[in-house]
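The values are calculated or read from the model by the stated rules, or taken from the named source; none is laboratory data. Because the structure is a prediction, the values reported are computed rather than measured. All Cβ positions, glycine included, derive from the backbone under ideal geometry; neighbour counts span all protein chains shown. With ligands, DNA and RNA removed, areas are computed over all heavy atoms of the protein, side chains included. Shrake-Rupley method; radii C 1.70, N 1.55, O 1.52, S 1.80 Å.
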Amino acid sequence: MKKTVDNVEKACEGIESGMTLMLGGFGLCGIPENSIAELVKKEVNDLTCISNNAGVDDFGLGLLLQKKQIKKMISSYVGENDEFERQMLSGELEVDLIPQGSLAERCRAGGVGIPAFFTPAGYGTEVAEGKEVRDFDGKPHILETALTADYAIVKAWKGDTEGNLIYKGTARNFNPVMAMAGKITIAEVEELVPAGELDPNEIHTPGIFVQRIFQGDKFEKRIEKVTVRQKD
Amino acid sequence: MALDKIGIAKRIAQELEDGFYVNLGIGIPTLVANYVPEGIQVEFQSENGILGMGNFPYEGEEDADLINAGKQTITAQPGAVYFDSSTSFGMIRGNHVQLTVLGAMEVAANGDIANWKIPGKMVKGMGGAMDLVGSAENIIVAMMHTNKKGESKLLSECSLPLTGVNCVTKVVTNLAYLEVKDGAFHLIERAPGVTVEEIKAATEGDLVVPDNVPEMKLV
């Protein structure tokens, strides 16, 4: 099966209004920025987006929020986005906030055929409301269910024509677990190489999880908070 | 003199032990990394996926693919490793991290903590805090003793939505170092020049005060 597609338009073919999407990234680090721009262009709406964060006002998922294309966000932290906070507090946007580790594990579970798991995270808080509680080794845990998506959209540093992916630095974050949990997984990469050029020992996401791969036209890779030290 | 944020970080840094893997939250906790005692080695974990986090980069050397959980640009120490979010929280949930330091809006005498939401006003999300406090066995809260209105943040019961129950083991504030056990705050040390009376007045939850409360020693 040919997984490589020529461009972002082809990669995002079939994404429709009302669908559930997973989008990799932590803050603005490791987000599939080419695909997000394409979703804005496609004007799909009523989307449910599963993503750790919601971008900033004018970049990342913030671009979809601005156009009111998102119906529901499933995230762990949304603090850097004023428009998000406004839409959430006014009730325009449905929001499901999930502990970050539970979010990651729910995606992983969805990808690896585990329907649910128990975790201590969130016990005794509003996150636990309506969830089954069970003690293990005398400690209470809550039942969390797996997440999957119509499309998972991830960003990697390098990829090959088999769909194998290598991430760079902390841009890995949610991308590998989301890559596993998409019914269709789209990978946008900075550098696409022929099969055989990546060292099989160093691949992070095996290509079996990836259905479409393309090299992004342009990566702005915006930095949210530049922090530096002075040379002595 | 009550401590400033740096003083709080310096006091917490004395709790570090050689070989510890440590997760530092955003705000005052981040400063702890600057005061690691000489002669010991600790590794900092940031839950977005790095173990062996180093200093901020030099100007011009920032890398968009290398940030901490506060989204700040960082560097990696020799021997550092990157991993995905599931593995990262596996380290946390699986108790492979020996010390967690985080900020709070409120702490209760039974060890409950609230730090993620003010209903109707501020909803930023819990991020990794619920996973951290749900599993870690050694949790130090770094915060000011009172809020901007002068009200105590050390309470008999939290009023804000909880982040975790019965989990905080120590609190270091601008006024004091306290242990949280048996349903009470136990005063262990005073900030330099701060009296026991001042600490009592600023603490709403049950406070156990031993006969002798030494002053903190800060290097």
May I ask you to say which residue of A:28, A:23, A:89, A:103 is closer than 23 Å to residue B:129 by Cα and touching a Phe, Trp or Tyr at 6+ places or on another chain (Cβ under 7 Å)? A:28
Close pairs (9 angstrom Cβ cut-off, 6 or more residues apart or separate chains): open to solvent by 20 Å² or more (accessible area, probe 1.4 Å) in region A:45-61, hydroxyl-bearing (Ser, Thr, Tyr) and part of a loop (DSSP other than H, G, I, E, B) anywhere: A:45/A:17; A:46/A:17
Hey, residue A:174 hits all of (1) in contact with a strand residue (DSSP E or B) (Cβ under 6 Å, 6 or more places away or on another chain); (2) crowded, with 18+ Cβ neighbours inside 10 Å but one; which does it fall short on? (1)
Please give the helices (runs of 4 or more DSSP H) falling wholly within region A:21-107 in which 1 or more residues are at the interface with another protein chain (Cβ under 10 Å from one of its Cβ atoms). A:82-89
Answer yes if at least one residue in region B:102-114 is over 30 Å from residue B:154 (Cβ atoms) and out of contact with any helix residue (DSSP H, G or I) (no Cβ under 9 Å at 6 or more places or on another chain), and no otherwise. no
Among the residues of region A:196-212, is there at least one that is assigned to a strand (DSSP E or B), under 18 Å from the mean Cα position of the chain (by Cα) and within 10 Å of chain B (Cβ to nearest Cβ)? yes
At least 1 residues that are over 29 Å from residue A:60 (Cα atoms) and touching a strand residue (DSSP E or B) at 6+ places or on another chain (Cβ under 8 Å) in each: list the strands (runs of 3 or more DSSP E) lying fully within region B:4-97 that qualify. B:21-24, B:43-46, B:76-82
From the option list A:121, A:152, single residue qualifying as closer than 25 Å to residue A:203 by Cα and aliphatic (A, V, I, L, M) is A:152
Taking region B:46-83 as the search range and keeping residues that are polar (S, T, N, Q) and open to solvent by 10 Å² or more (accessible area, probe 1.4 Å), which one is farthest from the other protein chains (Cβ to nearest Cβ)? B:77
Just one of A:187, A:179 is within 14 Å of chain B (Cβ to nearest Cβ), open to solvent by less than 50 Å² (accessible area, probe 1.4 Å) and within 24 Å of residue B:50 (Cβ to Cβ); which is it? A:179
Considering each residue of region A:160-171, count those that are open to solvent by 50 Å² or more (accessible area, probe 1.4 Å) and either within 15 Å of the chain's Cα centre (by Cα) or facing another protein chain (nearest Cβ under 9 Å) (or both), and give that number. 1
Cβ-Cβ below 8 Å, separation at least six or inter-chain, first residue in region A:183-197 and at negative phi, second open to solvent by less than 50 Å² (accessible area, probe 1.4 Å) and polar (S, T, N, Q): which pairs? A:186/A:35; A:187/A:205; A:188/A:34; A:188/A:35; A:192/A:4; A:195/A:164
Name every residue in region A:122-131 that is of a type outside the set (S, T, N, Q), within 12 Å of chain B (Cβ to nearest Cβ) and either farther than 25 Å from residue A:152 by Cα or open to solvent by 70 Å² or more (accessible area, probe 1.4 Å) (or both), in order of residue number. A:122, A:123, A:124, A:126, A:128, A:129
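For residues that are more than 18 Å from residue B:191 (Cβ to Cβ) and hydroxyl-bearing (Ser, Thr, Tyr), tally how many sit in region B:145-168.
So the answer is 3.
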State all residues of region A:213-232 that are open to solvent by less than 80 Å² (accessible area, probe 1.4 Å) and facing another protein chain (nearest Cβ under 8 Å); if no residue qualifies, say none. A:221, A:222, A:223, A:224, A:225, A:227, A:228, A:229
